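Have a look at the structure below before the remarks.
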Amino acid sequence: MVANMFSKNLNMASFGYRKTKPETKLKNREEYKKLYSTEIKWLKENLNLLKDDKFMIDMYTILITGSRKMSPKMISAVRTNMNSPQYDVVTMIERQEKIKPILEKINMVLELVKEVDEGKDPYYVANYSPLSFVTSIMSQLKKRGKLSEKQMGGLNKVYKRYIKMKENKNDVR
């Protein structure tokens, strides 16, 4: 009896979610066509660049289906991404040239971390080594073309700590 009571209350309708009415979807679609035509056009033209960005795909889906209201923050995010070099092929090529020296430095830090952590327990490497951090930063730099100041600071800390560890390792031998 108790199990039935809980299972009846777990459907989505009991949480206040309602499907959007077809008339509302149509009204939203027409409104979005007028208000956000440039955003819709840009999203449609750049779908191949957006395929890995779930958020932007969701925004495009909402704009063309009218399935929900577009908040000012959502539109602001779409407009910000429209100006992002991540989605502009020409700018990204130029940015790739600028980030080559940074990528080389990250590669150097990556090799240093691999060298120092070589032979350490897999548990240590998985949980304490900055290897995943450095590879994550490298992939973000390649994908987005930029890093934050804090990320650069983190890389510097890893480099300083691991260069000392390497020197200590060499002194012991």
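The values are calculated or read from the model by the stated rules, or taken from the named source; none is laboratory data. Keep in mind it's a predicted model, so treat the numbers as computed, not measured. Don't worry about glycine lacking a Cβ; one is built from the backbone with ideal geometry, like all the others, and counts go over all protein chains shown.
Observations on the structure shown:
- The residue that is modelled with the lowest pLDDT, among those in the stretch 78-101 that are within 13 Å of Trp42 (Cβ to Cβ) and part of a helix (DSSP H, G or I), is Tyr87.
- The stretch 94-115 residues that are closer than 17 Å to Lys143 by Cβ, paired with ones that are at pLDDT below 90 and outside any helix (DSSP H, G or I) (beta carbon under 6 Å, 6 or more apart): Arg95/Gly145
- Any hit, the stretch 57-72, residues being in a helix (DSSP H, G or I) and modelled with pLDDT under 90: no
- With a requirement of 3 or more residues that are in the same structural domain as Ala77 (by TED's automatic domain parsing) and at pLDDT 90 or above, the helices (runs of 4 or more DSSP H) lying completely within the stretch 1-51 that satisfy it span 22-35, 37-45.
- If the condition is being of a type outside the set (Phe, Trp, Tyr), free of Cβ contacts under 8 Å to residues at least 40 places away in the same chain and surrounded by 10 or more Cβ atoms within 10 Å (Cβ to Cβ), then the stretch 14-37 contributes Lys19, Lys27, Arg29, Glu30, Glu31, Lys33, Leu35, Ser37.
- Checking each residue in the stretch 135-161 for being assigned to a helix (DSSP H, G or I), closer than 18 Å to Tyr87 by Cα and not hydrophobic (A, V, I, L, M, F, W, C) picks out Ser139, Gln140, Lys142, Lys143, Arg144.
- Looking across Lys142, Lys166, one residue alone is touching a residue at least 12 places away in the same chain (Cβ under 8 Å), surrounded by 10 or more Cβ atoms within 10 Å (Cβ to Cβ), closer than 24 Å to Leu50 by Cα and not assigned by TED's automatic domain parsing to the domain that holds Lys51. It is Lys142.
- The lone exception for Val113 - which of (1) over 22 Å from Gly154 (Cα atoms); (2) part of a helix (DSSP H, G or I) it fails: (1)
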